[in-house]
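Worksheet for the structure shown next.
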Amino acid sequence: MPEDREVSSTQASRVYARLRDDVIAGALAPGSKLALDGLRARYGVGMTPLREALYRLSATLLVEAHDQRGFRVAALNLVHFEQVVCARERLETLMLEDSIRAGDLAWAERVEASHAALRALPMYASAGSDALNPDWRRAHHAFHYEILSGSRHFIQDMFHAILWDHSSRYRNILRPPPLDEALLRTDHARLAEAVLARDGEMAVLVLCRHIRHGSAAILKALQGAAGDNFENT
């Protein structure tokens with residue numbers, strides 16, 4: 001019945017969101033096999049919406065679907081992370097250039113407001129902690145989203161969201177040492193300034209440096225990791 005299909009689709013969307021959050025947070029361990037019965041109990045859902053959610057998530061490469069062998073959380077991999085960083089750099093600079101060219105006054109106001117919100121928050125939950133402040137994490141994502149939002153392209157948005165999720169998962173699981181918060185604040189300020197001045201060349205330069213700097217500690221942690229779920233090849 002149509003109503004049954006609609007309910008199943010809604011359940012699949014909810015389970016997809018919870019699965020995605022759990023994979024990114026590391027609650028579902030990298031490389032682990034996803035037992036369907038255990039997931040049904042964990043999320044309180046039937047097999048049909050669960051399978052639909054898992055196949056949807058496999059399209060993002062956060063989960064791997066293996067014929068006749070079920071589903072497995074993607075392992076952490078040095079080469080994969082390097083590719084994520086490279087792809088982010090290329091895609092975000094392209095989107096940034098488009099955004100600066102096409103962004104209107106409302107876009108500029110959103111960029112300015114999102115940077116002000118980010119600037120007002122401490123990066124870490126407490127002094128000496130390596131745990132990011134959840135409010136800062138949301139504001140950070142909003143700022144980076146807004147600087148790229150001047151010219152929207154659905155396909156670019158989709159791939160950017162996937163790359164951001166992969167970057168976040170590596171950071172959440174590897175928990176690298178705290179970054180220099182003052183340096184990141186300077187990067188964000190210079191990036192916002194260049195974007196608002198519509199200086200595309202400077203904005204791209206700052207953004208590339210910012211992505212590489214933010215990824216350096218994760219790369220170092222990944223290079224030193226070992227085990228089946230932290231592959232160095």
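Please work out if A65 is among the hydrophobic types (A, V, I, L, M, F, W, C), touching a Leu at 6+ places or on another chain (Cβ under 9 Å) and assigned to a helix (DSSP H, G or I).
No, not satisfied.
Scanning the stretch 58-67 finds one or more residues that are surrounded by fewer than 16 Cβ atoms within 10 Å (Cβ to Cβ), within 26 Å of L222 (Cβ to Cβ) and over 21 Å from the mean Cα position of the chain (by Cα). Looking only at the stretch 153-184, filter to residues that are surrounded by 13 or more Cβ atoms within 10 Å (Cβ to Cβ) and charged (D, E, K, R); which one of those is farthest from Q83 (Cα to Cα)? Within the stretch 153-184, the match that is farthest from Q83 (Cα to Cα) is R175. Of the helices (runs of 4 or more DSSP H) that lie entirely inside the stretch 131-197, those containing 3 or more residues that are touching a residue at least 24 places away in the same chain (Cβ under 8 Å), closer than 23 Å to A27 by Cα and within 11 Å of the chain's Cα centre (by Cα) span 154-174.
Restricting the first member to the stretch 204-230 and to residues that are exposed (fewer than 14 other Cβ atoms within 10 Å of the Cβ), and the second to residues that are at pLDDT 90 or above, the beta-carbon pairs closer than 6 Å and six or more apart or on different chains are D228/G31. Per the conditions (1) assigned by TED's automatic domain parsing to the domain that holds G26; (2) part of a helix (DSSP H, G or I), the sole criterion not satisfied by T60 is (2). Evaluated against (1) part of a helix (DSSP H, G or I); (2) over 30 Å from Q223 (Cβ atoms); (3) touching a residue at least 24 places away in the same chain (Cβ under 8 Å), D37 falls short on exactly one condition, (3).
Checked against (1) modelled with pLDDT under 95; (2) under 22 Å from A116 (Cβ atoms), H144 passes all but a single condition, namely (1).
From R20, R40, grab the single residue that is outside the structural domain of Y170 (by TED's automatic domain parsing), of a type outside the set (A, V, I, L, M, F, W, C) and farther than 18 Å from Y145 by Cβ. So that I can check it myself, show each step before the final result.
Details: R20 fails: farther than 18 Å from Y145 by Cβ.
Result: R40 is the single residue among R20, R40 that is outside the structural domain of Y170 (by TED's automatic domain parsing), of a type outside the set (A, V, I, L, M, F, W, C) and farther than 18 Å from Y145 by Cβ.
For M95, are the conditions met, namely being free of Cβ contacts under 8 Å to residues at least 24 places away in the same chain, aliphatic (A, V, I, L, M) and in a helix (DSSP H, G or I)?
For M95, the condition - free of Cβ contacts under 8 Å to residues at least 24 places away in the same chain, aliphatic (A, V, I, L, M) and in a helix (DSSP H, G or I) - is not met.
Each residue in the stretch 90-125 was checked for being surrounded by 18 or more Cβ atoms within 10 Å (Cβ to Cβ) and more than 21 Å from C208 (Cα to Cα), and 2 pass.
The values are calculated or read from the model by the stated rules, or taken from the named source; none is laboratory data. The structure displayed is predicted, hence computed values, not measured ones. A quick note on method: Cβ atoms are made from the backbone with ideal geometry, for glycine too, and the neighbour counts reach across all protein chains shown.
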